[in-house]
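This report refers to the structure that appears directly beneath it.
The values are calculated or read from the model by the stated rules, or taken from the named source; none is laboratory data. Fair warning: this is a prediction, and the values are worked out from it, not measured in the lab. Cβ placement follows ideal geometry from the backbone for every residue including glycine, while neighbour counts extend to all protein chains displayed. Calculation scope for accessible area: heavy atoms of the full protein, side chains included, ligands and nucleic acids excluded. Shrake-Rupley method; radii C 1.70, N 1.55, O 1.52, S 1.80 Å.
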Amino acid sequence: TLGGAVERFEANNYYPKAQQLQARAEETSESVFFVNFSDPEQVLSFYDIDVEHLHTEGSSACTEADHVRVGSAMSGDNAGQRTGTIFVMDNINATCGKAEIATGHLSGKKYMSYGTYAWRVRFAYAPEEEEEAEEEEGGPSPEALVANAMSCVSLYTSRKLHQEFAACTRASHPGEITLNYWHGDGIREWSRVPLRPDANSSFTDLKLEWTPERMRYFLNGVLAWERKNGTDGKGLPQEDMNQRLILRPTNSTYAGRACAMALATMSYTPLPSPSGSVTEIPTSNGSLLVLVLGIAFALLFFGTLVFCVQRRRRVDDHAATIIPQECEEECGEELEEDDPMVEMGQLAT
């Protein structure tokens, strides 16, 4: 839970921003889902570790559980914490058939809809030991080592139509990111924008605001792309989607060096659900108090009246009947002079 996560973050001095998120949730009464990728319990409660054949855009790889490393030490600028979850892509233990590449992949367990999503992620990069080795040998740059790598943070569904949001980088072009969405089978809108600092060396704060009216992508707090629903006759995704956190090759041939993707945190603040109807209520406290007291008095009066009527109906002509004092006071004006109950003198005194 968010409260438990905040306690752990405070104890370890990992991620003070969690406290800010909690304060915001309490202030706005919004629900906030928060995952720290250094905590295996949080990760496994929110994501499935995929083990399957991953075939995308002509590339082939095996997603393997041992290539998702939760609680691993992280590096890179702007990490904000010491440990997180790291995906590794290499040619070790690819078990799904003829694919020679193995990698890590997480899928969200929950379908989620409109709201604000935020991730802190270091997109595809060469692990530091690989960078150092190549630099010492005077070999190719770290970008060249992982030129076959693409990493994406996405929301995805294909239950009705293919609808998706995806922010993707290629390790060979770390200074740019492609922001995409699909709002129907094969219908894609996209924008390629600069990314500073670059994706390979630093963590990126990626945020997506998604409402029925518009979507907005932010990179490190700066608005990078905005589209309104219906712009140029083109819609936005509308279906509930689940998260896909992806490190994959761009083709099926192993480039000869491992690469990685690191995840620090994720948060999701749902957009408040629209109510079915809106009822106008008095704005002044005095008017509201009068209304409440009036309703309470009416309920009390009719309740007492019904009680008296029911008691009177049970009167037996051959038995003494006692009407409570409170009924006499509340219902006395309802008893006429010629009422047999009055003539018999059977009202309680």
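Being assigned to a strand (DSSP E or B) and of a type outside the set (S, T, N, Q) is the filter here; which residues of the range 42-70 pass it? Residues satisfying the conditions are TYR47, ASP48, ILE49, GLU52, HIS53, LEU54, HIS55, ALA61, CYS62, VAL68, ARG69, VAL70.
Of the residues that sit in the range 141-160 and are surrounded by 16 or more Cβ atoms within 10 Å (Cβ to Cβ) and aliphatic (A, V, I, L, M), which one is modelled with the lowest pLDDT? In this case the residue turns out to be LEU145.
Residue count for the range 26-49, restricted to those that are surrounded by fewer than 19 Cβ atoms within 10 Å (Cβ to Cβ), at pLDDT 90 or above and under 19 Å from TYR111 (Cα atoms): 5.
The residue that is farthest from PRO237 (Cα to Cα), counting only those in the range 191-210 that are under 23 Å from the mean Cα position of the chain (by Cα) and open to solvent by 30 Å² or more (accessible area, probe 1.4 Å), is ASP205. Tell me yes or no: at least one residue of the range 110-132 is modelled with pLDDT of 90 or more, in a loop (DSSP other than H, G, I, E, B) and crowded, with 21+ Cβ neighbours inside 10 Å. Among the residues of the range 110-132, not one is modelled with pLDDT of 90 or more, in a loop (DSSP other than H, G, I, E, B) and crowded, with 21+ Cβ neighbours inside 10 Å, which makes the answer no. Within the option set ALA94, ALA61, ALA99, ALA73, being surrounded by fewer than 17 Cβ atoms within 10 Å (Cβ to Cβ), farther than 27 Å from LEU236 by Cα and not basic (Lys, Arg) holds for one residue only, ALA73. The single residue among ARG188, ARG196, ARG192, ARG227 that is modelled with pLDDT of 90 or more, in contact with a strand residue (DSSP E or B) (Cβ under 9 Å, 6 or more places away or on another chain), part of a loop (DSSP other than H, G, I, E, B) and charged (D, E, K, R) turns out to be ARG196.
Residues in the range 167-179 that are surrounded by fewer than 19 Cβ atoms within 10 Å (Cβ to Cβ) and under 23 Å from the mean Cα position of the chain (by Cα): THR178 only. Looking at the range 222-233 only, could you name the residues that are in contact with a Lys or Arg (Cβ under 8 Å, 6 or more places away or on another chain) and either of a type in the set (D, E, K, R) or closer than 20 Å to PHE123 by Cα (or both)? Scanning the range 222-233 gives LEU223, TRP225, GLU226, ARG227, LYS228.
When PRO212 is tested against (1) touching a residue at least 60 places away in the same chain (Cβ under 8 Å); (2) touching an Asp or Glu at 6+ places or on another chain (Cβ under 7 Å), exactly one condition is not met: (2).
Conditions (1) in contact with a Leu (Cβ under 7 Å, 6 or more places away or on another chain); (2) without any contact (Cβ under 8 Å) to a residue 60 or more places away in the chain; (3) of a type outside the set (A, V, I, L, M), marked per residue:
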site: ALA147; (1), (2), (3): no, no, no
site: MET150; (1), (2), (3): no, no, no
site: SER154; (1), (2), (3): no, no, yes
site: LYS160; (1), (2), (3): no, no, yes
site: GLN163; (1), (2), (3): no, no, yes
site: ARG170; (1), (2), (3): no, no, yes
site: HIS173; (1), (2), (3): no, yes, yes
site: THR178; (1), (2), (3): no, yes, yes
site: ILE187; (1), (2), (3): no, yes, no
